[in-house]
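Chemist: First the structure, which I've put down as structure tokens, then a few questions once you've had a look.
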Amino acid sequence: MRIDVLTTFPEMFAAQPPAALAVSIPGRASAAGLIELVATDIRAFSDNKHKKTDDRPFGGGPGMVMMCQPLWDAVHAAEAQDPRPATRILLTPQGVPLTQALVESLAARPRLLLIAGHYEGIDERVIERLAPLEISIGDYVLSGGELAAMVLIDAVTRLQPGALGDELSNQADSFSPDEAAGRRLLDCPHYTRPRDWMGAQVPDILLSGDHGKVAQWRLAQRLARTAERRPDLLA
Ligand code: ADE
């Protein structure tokens, strides 16, 4: 899969891959060539002699607004670099929430083009014309879309076939569909050695060697946790 990131801060993606994506599962996936990450500097496409990408908002108010032209040209230049059709995505707090179901859908596409906004926002006209899928990573405001883009890239990368050492290991992740329960549940608690840590014991069932009982216990734990912490997932 190819992932393009359009940004006015390309230095955040200068390392190949960026430090945050160079370790663990995303790091291995990049090394194995499962994702190809290409950053494009929006500023390089500004036809303004000062390479401006933002201007003051019509109607007044604080902050700056990203201009249409540099972003429009950057998107088309990036898309022309590769024949695979790109799913355009704008990272913004106004977008639809990023869920594991959405990550699964995006992970199956040949190419994503991520636009990281900054300033007070982006001129609405270029958003309307580009018609990107607008995605938020949560109900809080970041200084820009770059970190949100990295979050999305990490989540999508670990679903690429071959990215996980153990192909089964994402099946019990939080938010992965649980076949027995028919829903997306939180993960169960996990334990490792020692059996006794400062007087706290590992649940007996996990030491029983009865795989059926262990699976039952884990599902019950996932359901109980989800009911307690995220009842919205069961509604
Ligand atoms: N840009 C700023 N805040 C954001 C958020 N919560 N999600 C996605 N992009 C953003």
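The values are calculated or read from the model by the stated rules, or taken from the named source; none is laboratory data. In this text, all values refer to a predicted model and were calculated from it rather than measured experimentally. With ideal geometry, Cβ positions are generated from the backbone for all residues, glycine too; neighbour counts draw on all protein chains shown. Note: accessible area is taken over every heavy atom of the protein model, side chains too, but ligands, DNA and RNA are not part of it. Shrake-Rupley method; radii C 1.70, N 1.55, O 1.52, S 1.80 Å.
Chemist: Ala224 versus Ser143, label points 7 Å from Cα toward the beta carbon: distance in nm?
Modeler: About 4.4 nm separates the two model spin labels.
Chemist: Would you compute, from DSSP H runs of 4+ residues alone, the mean residue ellipticity of the chain at 222 nm, taking -39500 (n - 2.57) per run and dividing by the full residue count, rounded to the nearest 500? List each step's numbers first, then the result.
Modeler: Values: 6 runs with 67 residues, N = 235.
Value at 222 nm, helices only, nearest 500: -8500 deg cm²/dmol.
Chemist: Then there is this: Scan around Arg184 for amide H atoms under 5 Å from its own, H built in the peptide plane at 1.01 Å from N, and keep only partners 5 or more places away or cross-chain.
Modeler: Residues meeting the amide H criterion: Asp178.
Chemist: How far apart, in nm, are two points set 7 Å out from the Cα along the Cα-to-Cβ line at Tyr191 and at Gln94?
Modeler: 5.1 nm
Chemist: Moving on. Would you work out the relative contact order for the chain, in percent, from Cα pairs under 8 angstrom that are 6 or more residues apart? Before the final figure, lay out each step's value.
Modeler: Values: 351 pairs, mean separation 44.8, N = 235.
Reported as a whole number, the value is 19 percent.
Chemist: If you don't mind, another one. How far, in degrees from 0 to 90, does helix 146-157 lean away from the longest principal axis of the Cα atoms of the chain, to the nearest 10?
Modeler: The angle comes out near 50 degrees.
Chemist: May I ask what percent, to the nearest 5, of DSSP beta bridges between residues of the chain are antiparallel?
Modeler: Numbers: 6 of 29 bridges.
Expressed as a percentage, antiparallel bridges in the chain total about 20.
Chemist: Assuming R0 = 45 Å, what is the FRET efficiency of Val202 and Gln16, from their Cβ-Cβ distance, to the nearest 0.05?
Modeler: On the way: r = 42 Å, r/R0 = 0.94.
With R0 = 45 Å, the Cβ-Cβ based efficiency is 0.60.
Chemist: Right, next: May I ask you to order 153-165, 209-221 by the average number of other C-beta atoms within 10 Å around their residues, highest value first? Before the final figure, lay out the partial values.
Modeler: Values: 153-165: 17.8, 209-221: 13.2.
Listed from highest to lowest mean packing, they are 153-165, 209-221.
Chemist: Oh, and also: Quantify, in whole percent, the carbon and sulfur part of the accessible surface of the chain (1.4 Å probe; protein heavy atoms only).
Modeler: Of all accessible area on the chain, carbon and sulfur atoms account for 55 percent.
Chemist: Taking the highest mean first, how do the peptides 111-120, 196-205 order by number of other beta carbon atoms within 10 angstrom per residue? Could the numbers behind the result be given before it?
Modeler: Details: 111-120: 22.3, 196-205: 9.9.
Most protected by this proxy first, the peptides run 111-120, 196-205.
Chemist: Hey, another quick one. Shape verdict for the chain, please, from the Cα gyration tensor: rounded (a/c under 1.5), prolate (a/b greater than b/c) or oblate. Walk me through the numbers on the way to the answer.
Modeler: Working: a/c = 2.59, a/b = 2.09, b/c = 1.24.
Verdict is prolate for the chain.
Chemist: Now for a different question. At 7 Å along the Cα-to-beta-carbon direction for both Ser105 and Ala31, put a label point, then send me their distance in nm to one decimal.
Modeler: 3.4 nm
Chemist: I would also like to ask the following. What is the packing order of peptides 49-56, 85-92, 100-107, taking the mean over residues of other C-beta atoms within 10 Å and listing the highest first?
Modeler: Highest-to-lowest ranking by the protection proxy: 85-92, 100-107, 49-56.
Chemist: Would you mind getting the accessible area per residue of the chain, heavy atoms of the protein chains only, 1.4 Å probe, in Å²? Present the calculation step by step, with values, prior to reporting the outcome.
Modeler: Numbers: 13310 Å² over 235 residues.
Ligands and nucleic acids excluded, the figure is 57 Å² per residue.
Chemist: Any idea what the dipole of segment 2-157 comes to, in debye rounded to 20, about its Cα centre with Lys/Arg Cβ at +1 and Asp/Glu Cβ at -1? Let's see the in-between values first.
Modeler: Values: 13 positive and 19 negative charges, 55 e Å.
Computed about the Cα centre, the dipole is about 260 debye.
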